[in-house]
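Notes follow once the structure below has been shown.
The values are calculated or read from the model by the stated rules, or taken from the named source; none is laboratory data. Note that this is a predicted model, so its numbers are computed, not measured. Cβ: placed from backbone, ideal geometry, glycine included. Neighbour counts: every protein chain shown. The protein model used for the area step is the full one, side chains on, heavy atoms only, and it has no ligands, DNA or RNA in it. Shrake-Rupley method; radii C 1.70, N 1.55, O 1.52, S 1.80 Å.
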Amino acid sequence: MIARLTECYQQDLLDIDELDRLLDQAHALGTIAELDELVAGLGESTAALPIAKHATDDPTRLQRKYLTVMFSSIERTGRWVVPRTLVARAMFATVVLDFRDASIAAGTTTLDLSSTFGSVELVLPPWLAINVDVASIGGAVEERHRLARDPDPTEPVLHVNGVVRFGNLCITTRLPGESPGQARKREKRERRELAAGRALPPARGQM
């Protein structure tokens with residue numbers, strides 16, 4: 001739902017205030033029926049709202065690819081094709097993997113990670129499911145488990161395993177086109193509103 005609302009904003013069907021309000025409401029809802037009703041509140045613009053297709057079938061996708069970074073840094077952003085298994089080895093290095101606009105296959109994609117005295121950041125879109133099983137030796141690992149109870153086999157799941165030695169693994173979720181600063185402001189606002197128990201305004205078309 002968040003991905004759909006974001007795509008609607010990118011197509012100029014919503015302004016930024018409407019997007020913020022609807023995202024706030026989407027986070028607060030708890031059932032599929034309520035989310036459907038929220039989208040129905042968009043009125044005629046719903047017909048133009050695309051159904052997000054998260055998994056892509058790319059003929060250039062590799063089954064396995066190795067990424068080795070030593071005493072340097074590397075960043076994968078924008079449109080890039082994620083292999084079925086990405087083996088990443090970082091030593092005294094900084095690695096940033098941004099999956100927001102990446103081409104990801106349906107089912108499980110594996111990131112096999114080994115980082116020594118390195119920093120690894122994964123930037124995820126809200127719709128991408130993830131499961132982290134990474135050991136830490138003198139390092140900091142952010143565990144993240146975001147899996148559906150009944151996963152859709154046509155949707156992608158990122159499984160991260162491996163080890164971090166004297167370094168860190170950081171995982172952030174950002175909307176497409178959102179900067180780290182904008183993400184921090186949005187998350188801070190959401191936490192503040194949640195703590196305050198602010199009543200959300202009804203969506204358009206709701207009584």
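Would you confirm, using the coordinates I've provided, whether F99 is at pLDDT 80 or above and at positive phi?
No; evaluated as a whole, the condition is false for this residue.
Would you check if S115 is open to solvent by less than 10 Å² (accessible area, probe 1.4 Å) and over 22 Å from H54 (Cβ atoms)?
So S115 fits the description; yes.
Pairs under 6 Å by beta carbon, first residue more than 12 Å from S103 (Cβ to Cβ) in the range 55-66, partner open to solvent by 100 Å² or more (accessible area, probe 1.4 Å) and of a type in the set (D, E), six or more apart or different chains?
Final answer for the pair search is none.
Go through the range 156-180 and give me each residue that's in a loop (DSSP other than H, G, I, E, B), more than 11 Å from the chain's Cα centre (by Cα) and either under 13 Å from P125 (Cα atoms) or of a type in the set (A, V, I, L, M) (or both).
Scanning the range 156-180 gives G177, E178, S179.
Of all residues in the range 140-186, which are over 23 Å from M91 (Cα atoms) and in contact with an Asp or Glu (Cβ under 7 Å, 6 or more places away or on another chain)?
Matches in the range 140-186: P176 only.
Would you confirm whether any residue within the range 135-146 is under 24 Å from R61 (Cα atoms) and open to solvent by 40 Å² or more (accessible area, probe 1.4 Å)?
No.
For the range 125-134, how many residues are open to solvent by 50 Å² or more (accessible area, probe 1.4 Å) and assigned to a strand (DSSP E or B)?
1
Can you confirm whether the range 36-54 contains a residue that is under 23 Å from T108 (Cβ atoms), at pLDDT 80 or above and open to solvent by 90 Å² or more (accessible area, probe 1.4 Å)?
Within the range 36-54 (the criterion being under 23 Å from T108 (Cβ atoms), at pLDDT 80 or above and open to solvent by 90 Å² or more (accessible area, probe 1.4 Å)), the answer is no, since none of the residues qualifies.
So which residues in the range 160-170 are surrounded by fewer than 17 Cβ atoms within 10 Å (Cβ to Cβ) and not hydrophobic (A, V, I, L, M, F, W, C)?
If the condition is that a residue be surrounded by fewer than 17 Cβ atoms within 10 Å (Cβ to Cβ) and not hydrophobic (A, V, I, L, M, F, W, C), then N161, R165, N168 are the ones that fit.
Out of R198, R189, I need the residue that is modelled with pLDDT of 65 or more and either among the basic types (K, R) or exposed (fewer than 12 other Cβ atoms within 10 Å of the Cβ) (or both). Which one?
R189
Taking the criterion of being in a strand (DSSP E or B) and of a type in the set (K, R), would at least one residue in the range 79-90 satisfy it?
Yes, some residue in the range 79-90 is in a strand (DSSP E or B) and of a type in the set (K, R).
Can E121 be described as without any contact (Cβ under 8 Å) to a residue 60 or more places away in the chain, surrounded by fewer than 19 Cβ atoms within 10 Å (Cβ to Cβ) and part of a loop (DSSP other than H, G, I, E, B)?
no
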